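Below: the structure, in structure tokens.
The values are calculated or read from the model by the stated rules, or taken from the named source; none is laboratory data. No experiment lies behind these values; they were computed from the predicted model shown. Note that each Cβ is placed from the backbone with ideal geometry, even for glycine, and that neighbours are counted across all protein chains shown.
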Amino acid sequence: MPFTDSLKLALSKKDILPLVGAGVSMSINDKDSKRVFPSWEELLESAAAKLKNENESDTASLIEIFLRKGDYQSAAEYAYEGLKNGHWHDFIQEKIDVDLDSLDEKSVELPKAIWKLSNQIITLNYDRILPWAYPGYSAQVSVLENSAIANLPNIHEKNNKPIVWHLHGHIDNSDKLILTPDSYKKLYPTSELANTEYLAALQTLKNVVAHRNLLFIGCSLDDAELLAEITKQNDLFSGNGRVHFALIKESNRSEIEKKLKGTSIQVVTFEDYGQPLIDKINEMAAFIETSDIIIDNSLIAKKETKVAFLSANPFGENIDYQPIIKELKKLPYSINCFPLTLNNLQQLSDYEYVFIASTVVKGRLVVEDEDISFAKIDFIDLQKNSDLANKKGVFIFLNEVITKEKLEGINFPLLVLPLVDNKDYKKYLSNFIFQIFNKHNVKYTDDVGLILNDEKFILPQDYCNSSNKCNNFIKNENRLPSDIDKCLLKNFIGRKEDLITLSREVLKLEDDNGFVTIIGSGGLGKTTLSKILAIYLAERGRFNCGVAFVDCEHLLNFDQFKSGIASPFNLEKAQHLEEHLSNQFDGESRLIILDNFETLLLLEDKEQILNLLSFMSEFASIIVTSRELLNIDGEIPHTLRPMTLDEAFELFVLKLGKRKLSVTEKKLVRDEIIENLLDRNPLAINIITSDIFQNTNLFELHKELQSDIFNVSEEDLSLFNNSVDTNIDRKKSLYGSILYSYNMLLDNEKEAFEKLALFPDGINIENLKKMGQYSKEKSIKKTVIKERILKKLQNKSLLEESQNKVKLQSIIGRFAERQFIHRGKDTAFFDSVFLYNNALSKMAIDLSDSESQAKRNVALKFFEENQKNMLIIIDYLNECSASEKDKVIYINRLSILFTSICSLSNFINILNRNVSTYSDTHFQAIKAIVDNSSYFNGDFDRVFHKIKKNIPLAQLKHLNTDDIVECITFESMFNIYAMEGNQAYVYHILNGNDFPFSKVSMAIDIGILEQDMSKITGFLSFEYKWLTGTLALAEIDEYLSFIHKKEHLERMQISYVRAKKKPYTKGYINLLVDVNPYTFGLKLLMFAFCESDLDEAKKYYNRGIENLEHIKYYYVEAIYWYAKFLKEHNQHEYNDVYSKGCDLAKKHYYRHLQFLFDELETPTGLVYNPKVYPLPNFESLVTEKEEALQLLSQ
């Protein structure tokens, strides 16, 4: 087979990067000419044999079963699980870590030939063969694993340094081998269930395929299938225009081309393994060495220049490196940023240029410890204990000039400049990049800086013409929640010792249980301190699954707390949270901040809440802020001391801005205002200074504060009542400062301030601007709260802003709520809040109804961020002038949104509190929404019994569906009746124009399969395809990879449909989250499908059927699967189970299930024909239902 032009071009440009599979290692023999490495199947057979020797026969049998089915990954899963407790490492070492001296060097020809193609190789193998086969010394080869984040990018660079990247792991780290289904999902995330540990590896792989042409060598048919699946799910080859190649044996060509269909991989064939394959690779290598292809040099990718920037900003320093960063951004290179630590200084072998920014203290360089505390090293340590040798240039920016003696012994090219926070040398900084990289003038700072080994500087010759414009600052940072904004760092004063202590305690929790409680009185800065710590840790790449912030101030019960603390795991709705986490914890690190926890200690659910907190501390690092101790095991208390007078005065002066204080004013501020009146409380200082202007008379301010604080009553102080805030003066100072600032507001500003008490989630400024298009009130952003007023409240420190969202601070929120309650409100006050939330809900529903899954995900994320706002207004709807119809529509929207993603308990509770405020059909609609929500929340028995009594099935057709309120009642009720087996009746009374989706759903359940599915997506679409034999696994897997991470109901249902065609492994099923008995039932059925033990499978089937009792269609379908299983295994229970299922299918007119039961009993091989199973006369069916219901009511 001749080479294609694209392959010739790739070879001549040296763009080929080999990806080596098991076939290469399988070619290696020992000196007795015996193959040394086992095949995939042989390895797993050996594992089964070893397990039998360890008396683990059951697990060994499972491995053998999966091997017979050809499911090697599932077999590997059981092999790993069986051997991981003490035997796995030794087993893998024995089978794969062969003695290299025992190998026949004649068999090394294939891997040696591969080295001719490239000095960089990716391998799926775990062994040491490729370094051993390297033509030079094997010690020269750099071996990369997926954990080598800083060095992974080197793999796609064309240079002379030999590198082998073990994409699936290396023998030296046997616990990290990509072997089982779960480990494949972690490396190749085909869904949001994926692990984040390998994101850097996956991103590197994507970069590789964007810049190099892969050549797959030694990949089997199974490898090809895996590769095709991975590329389709992760879009590895999309959009970059690169062609990739696979060396394939001619006899396998047809089958592998089918598997690779849809990818950009061309096959290159060879006649046979052994010498023909080696000859083919040598033929390719010849194109690299001598090529007569004319290439446009402009198309040849240039090697990317590697640049690192390290800076030190330990706790308490807060150094501004932005001027230096701004200058470095002029470089046309990507710059990787790291904290300046000794560990990072030792990880720089692959960078050509290194920039360091720090300060000097007593002649030593400031660096960070691993806990972000202050540390110092001698400059000679940069030579002795770092990886700065062989650099083309090292540049150090400091805050002062140092002597040359400090640098004695350094032999790498070094330029040291005093440009950190130094205005005197500003001109040198602004010309730095131009002079050094453009002019190559390293001596331009001779008069202010130090140059060592200037002859060793190697500066880029093509800098001016560089085509690489990717001047990104790449930071290894982890995400912060919307409640935490880095702007907090700007005005943060003191607390250095607290931060150091807390950092050490919190980082210890990554490897231990327990939680840290920051204790202190109100306004002392507990919340701010926890957020500052989170920012520091996230900026340094700690907690790879991010930081979560839960404000406990507005949580009213255990369910709300459970939802909040489970949110970082995407398990808010999990029915069995503790069990799921215990069995399926992903091992990732998370930081959870539980703010204002003291409010939960007053709830009846206190013990449940504390027990769950204790349990969750095993799976995340947790910081609690509270005004009192929790007094449970695992608590690590950290008492927050009051600010020192110096710290408080520094904060006061900082907040004054440009205003200068006289000597007399300084004494007044320190001794009287800060010490005596404000009690050194940082929140009180922030609030008071926000009302001080250039012309404010501080002596008059002193008098006013004295008056306000003196007049604070005991009732006022009850706002802060708890066991910690026993200092009356401290409470008075805080309340008095808030009151002072409140009294300075205009009336419309006071109203806005109080209105914000109804926005516990805060207000997103961008959302406020967009709301007009979703409301009849086009000026809604002016109606609810004007932006300029929000800005003024923020300037007065009454609001906090985080990532474009503003909200009341916790204590100030309590004050606003009290003012809001005591002050009479007119209808317009509540109308504006309702209009805003109504518009928000409409926008969320509009997005969620989109055919685009991306838009639906945006809708659910948007709703998550505003759900407390939307809930709280329900308590005040009776104060609004909106019609009851509009209120019912609003509540119905929320029911849809809460059903989609959130725990329904809170929604149900607040509706039950307010249902009595509605009348007539509106009352009926709210009750119907409550019932529907309760049903979907798993309260099946009680709700169904209740609605049969209140709104019998026969009454449904008498509801006026032209009236939107009665229509909501109708829809809520028919959904429940349909679930309970009445699809045939509901189908007849449904108007397809009003309820097109529901009409199709009912039709499918009763076997009317001639449907227009063009506008139907998701679960119903896939169920229809399964019923009609058109379901494609790739399509369903793609859909699962895109749905929102918290759509557990949808994920479970669709996974069940897929499992009906091809069962999942237990590993995948365990990751699915059950949110009610229905989803739990589906999960149990999926376990039954893959269970090999007969008795265990029966248990799964029976438990699944039990949980599905109220969802009749799937209840009957579960009975069918169980009957089928019993017949296949010749079990005596078959007849009874078959009869029960068959009778139920007939009773409920589940005609396709009737067909399946008939085929089970008497196979004909025919396809489903609805004419064989006629539907009843619907009018007679309605009459039968009505008569039956009348008898029941009697």
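Residues of segment 424-445 being among the polar types (S, T, N, Q) and surrounded by fewer than 19 Cβ atoms within 10 Å (Cβ to Cβ), which ones? Can you show your working first?
Taking segment 424-445 first, the residues among the polar types (S, T, N, Q) are 430-431, 435, 438, 441, 445.
430, 431, 435, 438, 441 - these are the residues of segment 424-445 that are among the polar types (S, T, N, Q) and surrounded by fewer than 19 Cβ atoms within 10 Å (Cβ to Cβ).
Restricting the search to segment 951-986, which residues are touching a residue at least 60 places away in the same chain (Cβ under 8 Å), assigned to a helix (DSSP H, G or I) and more than 40 Å from the chain's Cα centre (by Cα)?
Listed by number, the residues that qualify are 953, 954, 957, 984, 985.
With the condition being in contact (Cβ under 8 Å) with a residue 12 or more places away in the chain and within 40 Å of the chain's Cα centre (by Cα), I'd like the helices (runs of 4 or more DSSP H) fully within segment 629-695 carrying at least 3 qualifying residues.
Numbers: elements: 645-656, 663-667, 682-689.
Correct list: 645-656, 682-689.
Out of all the residues in segment 409-449, which are part of a loop (DSSP other than H, G, I, E, B) and farther than 23 Å from residue 382 by Cβ?
Hits for segment 409-449 are 431, 439, 440, 441, 447.
Residue 562 - would you say it is crowded, with 20+ Cβ neighbours inside 10 Å, at pLDDT below 85 and within 22 Å of the chain's Cα centre (by Cα)?
Values: crowded, with 20+ Cβ neighbours inside 10 Å: yes; at pLDDT below 85: no; within 22 Å of the chain's Cα centre (by Cα): yes.
No: the conditions fail for residue 562.
In segment 530-566, how many are among the charged types (D, E, K, R) and farther than 22 Å from residue 816 by Cβ? Show your work before the answer.
The first filter runs over segment 530-566 and keeps only residues among the charged types (D, E, K, R), leaving 531, 539-540, 542, 551, 553, 559, 562.
In the following step, the residues that additionally are farther than 22 Å from residue 816 by Cβ were identified as 539-540, 542, 559, 562.
The total comes to 5.
Output the number of the condition that residue 219 fails; it satisfies all remaining conditions of (1) in contact with a strand residue (DSSP E or B) (Cβ under 7 Å, 6 or more places away or on another chain); (2) at pLDDT 80 or above; (3) not assigned by TED's automatic domain parsing to the domain that holds residue 336.
(2)
Under 6 Å by Cβ, and 6 or more places apart or on different chains, what pairs join a residue from segment 325-337 that is within 7 Å of residue 309 (Cβ to Cβ) with one that is among the aromatic types (Phe, Trp, Tyr)?
Sorted first by the residue in segment 325-337, then by its partner, the pairs are 335/309; 335/473; 337/309; 337/473.
Mind listing just one residue for me: the one in segment 1076-1108 that is assigned to a loop (DSSP other than H, G, I, E, B) and either of a type in the set (S, T, N, Q) or in contact with an Asp or Glu (Cβ under 9 Å, 6 or more places away or on another chain) (or both) and, of those, farthest from residue 1125 (Cα to Cα)?
First, the residues of segment 1076-1108 that are assigned to a loop (DSSP other than H, G, I, E, B): 1076, 1091-1093, 1108.
After this cut, where a residue has to be either of a type in the set (S, T, N, Q) or in contact with an Asp or Glu (Cβ under 9 Å, 6 or more places away or on another chain) (or both) as well, the list is 1076, 1092-1093, 1108.
Values: 1076: 25, 1092: 11, 1093: 12, 1108: 18 Å.
Within segment 1076-1108, the match that is farthest from residue 1125 (Cα to Cα) is 1076.
Which ones in segment 51-79 are in a loop (DSSP other than H, G, I, E, B) and under 19 Å from residue 90 (Cα atoms)? Talk me through it step by step, then tell me what you get.
Looking only at segment 51-79, we keep the residues that are in a loop (DSSP other than H, G, I, E, B), and these are 54-56, 70-71.
Once the filter is applied, which keeps residues that are in a loop (DSSP other than H, G, I, E, B) and under 19 Å from residue 90 (Cα atoms), segment 51-79 yields 54, 55, 56.
If residue 1083 meets every condition in (1) crowded, with 22+ Cβ neighbours inside 10 Å; (2) within 30 Å of residue 580 (Cβ to Cβ); (3) touching a residue at least 60 places away in the same chain (Cβ under 8 Å) apart from one, which number is that one?
Of everything listed in (1) crowded, with 22+ Cβ neighbours inside 10 Å; (2) within 30 Å of residue 580 (Cβ to Cβ); (3) touching a residue at least 60 places away in the same chain (Cβ under 8 Å), residue 1083 misses just condition (3).
From the set of residues in segment 1013-1056 that are within 26 Å of residue 938 (Cβ to Cβ) and either touching a Pro at 6+ places or on another chain (Cβ under 6 Å) or small (Gly, Ala, Ser) (or both), which is surrounded by the most Cβ atoms within 10 Å (Cβ to Cβ)?
By that ranking, first place goes to 1055.
Failed condition for residue 378, given (1) of a type in the set (D, E, K, R); (2) modelled with pLDDT of 90 or more; (3) within 29 Å of residue 543 (Cα to Cα), with all others met?
Among (1) of a type in the set (D, E, K, R); (2) modelled with pLDDT of 90 or more; (3) within 29 Å of residue 543 (Cα to Cα), the lone unmet condition for residue 378 is (3).
Please name all residue pairs, on different chains or six or more residues apart, with Cβ atoms under 6 Å, provided the first residue is in segment 906-929 and is closer than 22 Å to residue 961 by Cβ and at pLDDT 90 or above and the second residue is of a type in the set (Phe, Trp, Tyr) and not in a helix (DSSP H, G or I).
926/918
Go through 849, 831 for me and flag whichever is closer than 21 Å to residue 761 by Cα and not assigned by TED's automatic domain parsing to the domain that holds residue 564. Break it down into steps so the answer makes sense when it comes.
Working: 849 fails: closer than 21 Å to residue 761 by Cα.
From the options 849, 831, the qualifying one is 831.
Determine which single condition residue 528 fails, assuming it passes every other condition in (1) closer than 20 Å to residue 368 by Cβ; (2) assigned to a helix (DSSP H, G or I); (3) in contact (Cβ under 8 Å) with a residue 60 or more places away in the chain.
(1) is the only condition that residue 528 fails.
Would you mind telling me which numbered condition in (1) buried (at least 21 other Cβ atoms within 10 Å of the Cβ); (2) among the hydroxyl-bearing types (Ser, Thr, Tyr); (3) in contact with a helix residue (DSSP H, G or I) (Cβ under 6 Å, 6 or more places away or on another chain) residue 353 fails?
Checking residue 353 against (1) buried (at least 21 other Cβ atoms within 10 Å of the Cβ); (2) among the hydroxyl-bearing types (Ser, Thr, Tyr); (3) in contact with a helix residue (DSSP H, G or I) (Cβ under 6 Å, 6 or more places away or on another chain), the one that fails is (3).
Taking segment 131-184, which residues are among the polar types (S, T, N, Q), at pLDDT 75 or above and closer than 30 Å to residue 41 by Cβ? I'd like the intermediate steps shown before the answer.
Start the filter on segment 131-184 by keeping residues that are among the polar types (S, T, N, Q), which leaves 138, 140, 142, 146-147, 151, 154, 159-160, 173-174, 180, 183.
Pick out the ones that are also at pLDDT 75 or above and you get 142, 146, 173-174.
Once the filter is applied, which keeps residues that are among the polar types (S, T, N, Q), at pLDDT 75 or above and closer than 30 Å to residue 41 by Cβ, segment 131-184 yields 146, 173, 174.
Please go through segment 531-559 and give me each residue that is within 21 Å of residue 632 (Cα to Cα) and either assigned to a helix (DSSP H, G or I) or of a type outside the set (A, V, I, L, M) (or both), ordered by number.
The answer is 551, 552, 553, 557, 558, 559.
Cβ-Cβ below 8 Å, separation at least six or inter-chain, first residue in segment 790-808 and modelled with pLDDT under 80, second in a strand (DSSP E or B): which pairs?
So the pair list comes out as 804/764.
State whether one or more residues within segment 11-18 are of a type in the set (S, T, N, Q) and in the same structural domain as residue 116 (by TED's automatic domain parsing).
From segment 11-18, those of a type in the set (S, T, N, Q) are 12; that's our starting set.
With the extra rule that they be in the same structural domain as residue 116 (by TED's automatic domain parsing), the set shrinks to 12.
Checking segment 11-18: at least one residue is of a type in the set (S, T, N, Q) and in the same structural domain as residue 116 (by TED's automatic domain parsing).
Just one of (1) modelled with pLDDT of 80 or more; (2) within 25 Å of residue 847 (Cα to Cα); (3) in contact with a Ser or Thr (Cβ under 9 Å, 6 or more places away or on another chain) trips up residue 741, so point out which.
Of everything listed in (1) modelled with pLDDT of 80 or more; (2) within 25 Å of residue 847 (Cα to Cα); (3) in contact with a Ser or Thr (Cβ under 9 Å, 6 or more places away or on another chain), residue 741 misses just condition (2).
So which residues in segment 393-421 are of a type outside the set (A, V, I, L, M) and either under 41 Å from the mean Cα position of the chain (by Cα) or outside the structural domain of residue 311 (by TED's automatic domain parsing) (or both)? Quick ask: steps written out before the conclusion?
Taking segment 393-421 as the starting set, the residues that turn out to be of a type outside the set (A, V, I, L, M) are 393, 395, 397, 399-400, 403-406, 408-409, 411-413, 418, 421.
Scanning segment 393-421 gives 393, 395, 397, 399, 421.
Quick check, is residue 866 buried (at least 21 other Cβ atoms within 10 Å of the Cβ), under 30 Å from residue 1018 (Cα atoms) and either in contact (Cβ under 8 Å) with a residue 40 or more places away in the chain or basic (Lys, Arg) (or both)? Break it down stepwise before answering.
On the way: buried (at least 21 other Cβ atoms within 10 Å of the Cβ): yes; under 30 Å from residue 1018 (Cα atoms): yes; either in contact (Cβ under 8 Å) with a residue 40 or more places away in the chain or basic (Lys, Arg) (or both): yes.
So residue 866 fits the description; yes.
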